[in-house]
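Report on one structure; see the data block that follows.
The values are calculated or read from the model by the stated rules, or taken from the named source; none is laboratory data. Treat the numbers as computed from the prediction; the structure is a model and nothing was measured. Counting neighbours? That spans all protein chains shown, and the Cβs are built from the backbone with ideal geometry, glycine included. With ligands, DNA and RNA removed, areas are computed over all heavy atoms of the protein, side chains included. Shrake-Rupley method; radii C 1.70, N 1.55, O 1.52, S 1.80 Å.
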Amino acid sequence: MFILPISSFFPHPPRLLIVAGHFGAGKTNVALNLAYMLKAEGREVTLIDLDIVNPYFRAADAEDALRAAEIQYINPPFANTNVDIPVLGAEIQRVFPMLEQNPNASVIFDVGGDNGAVALGRYHAELTRLGAYMLCVENAYRPLTDSPEAMLENLQEIEAYSRLRCDAIVNNSNLGEETSAEDLLNAMPTMDAFAALAELPILFTTVCTPLRRTDLQHSLVKSPVLEIQNYTRKLF
Amino acid sequence: MGHKVLMKGNEAIAEAAIQNGCLHFFGYPITPQTEISEYMAKRMPKVGGLCLQAESEVAAINMVMGAAAAGSRVMTSSSSPGVSLKSEGISYIVGCDLPCVIVNVQRGGPGLGGIQPSQADYYQATKANGHGDLHLFVVAPASVQEMATLTGVAFVVADKYRTPALILADGALGQMMEPVEFEVEKKTDLPEKSWAANGHGGKRKKNIINSLFMDPVDLENSIKERFARYAAIAENETRWEELMVEDADIVMVAYGITSRICKTAINAARAKGIKVGLIRPITLWPFPSAALKKAAETAKHFMVCELNMGQMVDDVKVAIDCARPVSFYGRTGGVMPSSEEVLAEIEKIAGGLAK
């Protein structure tokens, strides 16, 4: 089966991506998947963990794997330790001149949920100047964003905190390991209604292995479908 | 809701509390349980309830005492250091026979410790979460679903026996995400809160809620009456889960997140032909002693696994009258054992039994 390159999902070459969205919507996992996929296409990828909200289950769990894949990874200096202080490392600043000099560079900001997007404010000037493309990741099975109206409210909160506009929606609806194709299809009308309210496109709908793209061949699915892996750390 | 949603354990406790009629929440932020407060702050105003961030854990538990005294279903949550701060208030609440739910999403201790998952507050929760002759009804959820279900149980038991109930979770359960379905504990036989200080309206004698007794004999009598209720809790509310215990040579005893790790290790050990089972206490107080005693009739060895230095070991020894060896494996300080580590311990013990 022919699988589209990840770059082709985006309207422009994905150089500066922001992955924002509701708390627990799966932003980090989407960001990790994008990082690996862009790397596989030969882009020079930097993943920035800007999550100042979550104490556990962060991209830092995948640090070794990211380094092995030669993906630059910038995390808060004390992530996954007992130092309960969210810090934005100075190292982040270097990616902006890098983006200007290297057309093959892709930078992904993995942002904390909801008002965690406030951390983007620190980089507002650079993000605006360099034309960042901001994704709003939502999961219709999250109880506080289980309606189009609630999702719109969440998107507007993120936009207000980040002082940026979202460019597209990622439909990451899932029920964890119990997700069935039927669950994914049941979420489609809610996500379509949200996209219509927000006047934004659904850039892609994720389907996490072991489910496949072919499981979503259905008239309800109007957006492109992206197969992703679950990189969340397993505890048992 | 009536359908599955994907939630963090912390969020599941908060939503379950609301669905079980909790109208008052008093909290103070501390990692790794702050999502409970965050969720309450978003949802309580929408259901006509109150979520208030107090100025400290001490203030929050005393607000719980006030709301409970007025007859409201009320909850507070914290993590280990914050629960220590609440201990005085908890003891006063016990002394006043007030129902409420307290959540401890444990992190590493002692002191400020760390923010990673731990079960090192087992002693505190089951022996003395406050001064005086007291017990709390203590439940230990092991999944996001149980974070929800046992929250309902905690409210019902608290109301039925006029006691604080403690949900003893840990940072991993609080932060991890699993699908969950909500079902409200429907209990119609709960007694009226005729004791509540909620305004007599000139229709009854005033209710006074107090934990101070002028006469030591009165105090002794009140404690004895409370202990009769504790006996009823032990009789009616003890909960546990058994997994492959019938033919097990080795019986593991583990609760909460550790039981999930043990289950993976047990399945791997069974695949290697090692007869190992699990007794998972769901209530830590009352402790499922009878189940352990029965297992000791057939099992050769008990192995306790916790995220601490072995705080449950003595309870297991007492339950089985030291009839079998009880060993321990655990990690502490915020470190979680892998299922491979636990499996290696099982294999070590199985090797010893074979000799």
State in Å² the accessible area per residue of the stretch B:4-236; use a 1.4 Å probe, count heavy atoms of protein chains only, and round to the nearest integer. 38
In range of the label at A:Met98: residues from the stretch A:108-140 whose backbone nitrogen is under 13 Å from the point 7 Å along Cα→Cβ: A:108-109
What's the local net charge at A:Glu100, with K and R +1, D and E -1, over the other residues with C-beta under 12 Å away? +2
Which one, A:Asp51, A:Asp183, A:Asp192, has the greatest fluctuation when you compute a Gaussian network model over chain A with C-alpha springs under 10 angstrom? A:Asp183
Once each part is reduced to its C-alpha centroid, what is the distance from the stretch B:173-209 to the stretch B:245-269 in angstrom? 36
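How charged is the neighbourhood of A:Asn115? Take every other residue with its Cβ under 11 Å from the Cβ of A:Asn115, and add Lys/Arg as +1 and Asp/Glu as -1.
-3
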Per the beta carbon screen (other Cys under 4.7 Å), unpartnered cysteines of chain A come out as A:Cys208
To make sure I understand the rule: partners must be aspartates and glutamates, Cα under 16 Å from the Cα of B:Lys300, and not fewer than 8 residues away in the same chain. Which ones qualify? B:Glu246, B:Asp247, B:Asp249, B:Asp321, B:Glu345, B:Glu347
Could you work out which residue, out of B:Gly201, B:Gly108, B:Gly310, moves most in a Gaussian network model of chain B, that is, has the largest mean-square fluctuation with Cα springs under 10 Å? B:Gly201
In the stretch A:115-149, what residues drop by 40 Å² or more of accessible area when the other protein chains are put back, versus the chain on its own? Use 1.4 Å, and skip ligands and nucleic acids. A:Tyr141, A:Arg142, A:Pro143, A:Leu144
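For B:Gly49, what charge total do you get from the other residues with a beta carbon under 12 Å from its beta carbon, if Lys and Arg give +1 and Asp and Glu give -1?
Values: positive: B:Lys42, B:Arg43, B:Lys46, B:Arg73; negative: none.
Spelling it out: positives minus negatives among the neighbours equals +4.
Using a 1.4 angstrom probe on the protein heavy atoms only, line up B:Ile30, B:Ile208 by accessible area, largest first. Could you put the intermediate results ahead of the total?
Numbers: B:Ile30 25, B:Ile208 130 Å².
The residues order as B:Ile208, B:Ile30, largest area first.
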Occluded residues from the stretch B:94-141, i.e. those whose accessible area drops by 30 Å² or more once the chain is not alone (1.4 Å probe): B:Ile115, B:Gln116
Could you check the spin-label model distance between B:Glu88 and B:Ser327? Points 7 Å from the Cα along Cα→Cβ, value in nm. 4.5
Looking at the stretch A:24-52, which residues lose a minimum of 20 Å² of accessible area between their chain alone and all protein chains in place, measuring with a 1.4 Å probe and not counting ligands or nucleic acids? A:Gly24
Any idea of A:Tyr133's accessible area? Nearest 10 Å², probe 1.4 Å. 30
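Checking an interface number: how much accessible area is buried between B and A, summed over both chains, with a 1.4 Å probe, in Å² rounded to 100? If you can, show how the numbers build up before the last one.
Values: alone 15070 and 11340 Å², together 23970 Å².
Summed over both sides, the interface buries about 2400 Å².
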Rg(Cα)/(2.2 N^0.38 Å) for chain A, N = residue count: 0.95
Quick one: P(r) of chain B from all Cα-Cα pairs, 20 Å bins, percents rounded to integers, in order of increasing distance. 31, 56, 13, 1
Reduced to Cα centres, the span from the stretch B:110-155 to the stretch B:312-329 in Å works out to 21
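On the protein heavy atoms, probe 1.4 angstrom, tell me the percent of accessible surface of the protein assembly as shown carried by carbon and sulfur. Intermediate results must be reported in sequence, preceding the final value.
On the way: 12970 of 23970 Å².
Of the solvent-accessible surface of the protein assembly as shown, carbon and sulfur hold 54 percent.
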Determine the gain in length on full extension of the stretch B:Glu347-B:Met309; use 0.36 nm per residue of separation and subtract their C-alpha separation, reporting nm with one decimal. 11.6 nm
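In deg cm²/dmol and to the nearest 500, what is the mean residue ellipticity at 222 nm of chain B if only DSSP H runs of at least 4 residues count, each as -39500 (n - 2.57), divided by the residue total?
Counting only the DSSP helices, I get -13000 deg cm²/dmol.
Would you please put B:95-103, A:113-121, A:59-67 in order of how densely packed they are, using the mean number of other Cβ atoms within 10 angstrom per residue and starting with the highest?
Details: B:95-103: 25.1, A:113-121: 20.3, A:59-67: 18.1.
In decreasing order of mean packing, B:95-103, A:113-121, A:59-67 become B:95-103, A:113-121, A:59-67.
Too long at a 25 Å Cα-Cα cut-off: which of A:Lys222/B:Lys42; B:Lys4/B:Lys186; B:Lys8/B:Lys275; B:Lys127/B:Lys206; B:Lys272/B:Lys293; B:Lys160/B:Lys224?
Values: A:Lys222/B:Lys42 32 Å; B:Lys4/B:Lys186 19 Å; B:Lys8/B:Lys275 34 Å; B:Lys127/B:Lys206 34 Å; B:Lys272/B:Lys293 27 Å; B:Lys160/B:Lys224 18 Å.
Checking Cα-Cα distances, A:Lys222/B:Lys42; B:Lys8/B:Lys275; B:Lys127/B:Lys206; B:Lys272/B:Lys293 exceed 25 Å.
Just for the protein assembly as shown, what percent of DSSP beta bridges are antiparallel, to the closest 5?
Roughly 15 percent of the DSSP beta bridges within the protein assembly as shown come out antiparallel.
Leaving out ligands and nucleic acids, note down the accessible area per residue over the stretch B:241-354 with a 1.4 angstrom probe, in whole Å². Mind showing how you got there, number by number?
On the way: 4350 Å² over 114 residues.
In whole numbers, the stretch B:241-354 has 38 Å² accessible per residue.
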Please work out how much accessible surface B:Thr238 shows to a 1.4 Å probe, ignoring ligands, DNA and RNA, in Å² rounded to 10. 40
Rg in Å to one decimal, and Dmax rounded to a whole Å, for the protein assembly as shown via C-alpha atoms: 25.8, 85
So, in nm, how far is label A:Ala90 from label A:Glu177 when the simple model puts each one 7 Å beyond its Cα toward the Cβ? 4.3
